[in-house]
Amino acid sequence: MVVAFFGTTILAVVLLRFVPVYFTPLMFIRLVEQGERGESLKLHHRWVPLEDMSPYLPQAVMAGEDAKFLSHHGFDFGAIEQAAKSNIRSKGKRKVGASTISQQTAKNVFLWPGRTWVRKGLEAYFTALIELMWSKQRIMEVYLNSIEMGDGIYGASAVAEWHFGTTAKDLTRSQCALIAASLPNPLVYDSSNPGNYLSKRKRRIMHEMKFVKRLPPEGCDTAGR
């Protein structure tokens with residue numbers, strides 16, 4: 001069983017290094033939840049390669065979610081330490097996360113939502129695998145195609161079409177920052193209809209984008225060494 005587990009998981013990671021991710025566990029979970037509530041099933045998703053996305057979008061999500069994405073190896077231990085201290089001070093009232101883009105990608109593609117130790121352990125395992133076997137560009141490409149960006153909306157192409165009436169390639173810097181601002185909770189914060197909090201967060205991300213370099217082309221040294 002152990003050999004089968006490692007063999008199948010490694011094979012899956014190698015395969016998805018090259019094959020588009022058309023469906024994720026979260027998409028299935030959301031469809032089930034919609035059905036249980038008696039709602040019409042909504043699933044808007046279309047895979048587009050990274051080069052067909054606005055260059056501002058990777059930059060915006062790094063500024064908003066993971067500023068050290070290009071230099072870390074899957075885990076931001078400084079952010080984890082800060083989050084742990086913050087959670088201790090809050091005495092469990094408000095949990096602060098420290099997941100990197102790599103960790104979120106591993107969770108989105110291979111796992112399910114949740115905070116159990118088993119799920120977090122598997123997340124760490126898959127994060128290490130994709131950091132080892134995928135490029136940073138591939139991790140970002142899968143992340144931006146699979147992450148939930150609204151009610152029934154997954155990925156850059158769908159959010160560009162349904163929230164902004166454009167293509168992923170033509171998203172503006174402001175729109176990309178707004179999308180990134182909504183990612184902590186896209187079912188609550190609607191990038192197509194931003195309130196005061198989301199607009200404020202968007203402005204902060206646009207400011208932070210000045211200090212985050214753009215994602216270089218495939219094959220380039222992402223860490224800038």
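The values are calculated or read from the model by the stated rules, or taken from the named source; none is laboratory data. Since the model is a prediction, treat every value here as computed from it, not as a measurement. Here Cβ is always computed from backbone atoms with ideal geometry, including for glycine, and neighbour counts include all displayed protein chains. Accessible surface areas use protein heavy atoms only, side chains included; no ligands, DNA or RNA. Shrake-Rupley method; radii C 1.70, N 1.55, O 1.52, S 1.80 Å.
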Fill in the blank from the handout: Condition set hydroxyl-bearing (Ser, Thr, Tyr) and open to solvent by 60 Å² or more (accessible area, probe 1.4 Å), scope the range 28-59, selection modelled with the lowest pLDDT: answer is SER40
Exercise for the section: Within the range 190-210, identify whether any single residue is under 18 Å from the mean Cα position of the chain (by Cα), under 15 Å from GLN104 (Cβ atoms) and surrounded by 16 or more Cβ atoms within 10 Å (Cβ to Cβ), and answer yes or no. Expected result: no
Practice task
Working carefully through the options ALA124, ALA128, ALA158, find the one that is closer than 14 Å to LEU57 by Cβ and small (Gly, Ala, Ser).
Solution key: ALA158
Completion exercise
Within the range 1-57, the residues that are in contact with a strand residue (DSSP E or B) (Cβ under 7 Å, 6 or more places away or on another chain) and over 23 Å from GLU123 (Cα atoms) are HIS44, HIS45
Handout entry: Whichever residue in the range 158-187 is of a type outside the set (A, V, I, L, M, F, W, C) and under 14 Å from the mean Cα position of the chain (by Cα) and, among such residues, is surrounded by the most Cβ atoms within 10 Å (Cβ to Cβ)
Key = SER182
Exercise for the section: Scan the range 183-195 for residues that are touching a helix residue (DSSP H, G or I) at 6+ places or on another chain (Cβ under 6 Å) and among the small types (Gly, Ala, Ser) and jot them down. Expected result: SER191, SER192
Exercise for the section: Please state which of the following conditions THR24 fails to meet, knowing it meets all the rest: (1) surrounded by 16 or more Cβ atoms within 10 Å (Cβ to Cβ); (2) of a type outside the set (Lys, Arg); (3) at pLDDT 95 or above; (4) touching a Gly at 6+ places or on another chain (Cβ under 7 Å). Expected result: (4)
Completion exercise
Across the range 9-21, the tally of residues that are of a type outside the set (Gly, Ala, Ser), assigned to a helix (DSSP H, G or I) and surrounded by 11 or more Cβ atoms within 10 Å (Cβ to Cβ) stands at 4
Exercise for the section: Take MET140 and decide whether it is of a type outside the set (Asp, Glu) and open to solvent by 20 Å² or more (accessible area, probe 1.4 Å). Expected result: no
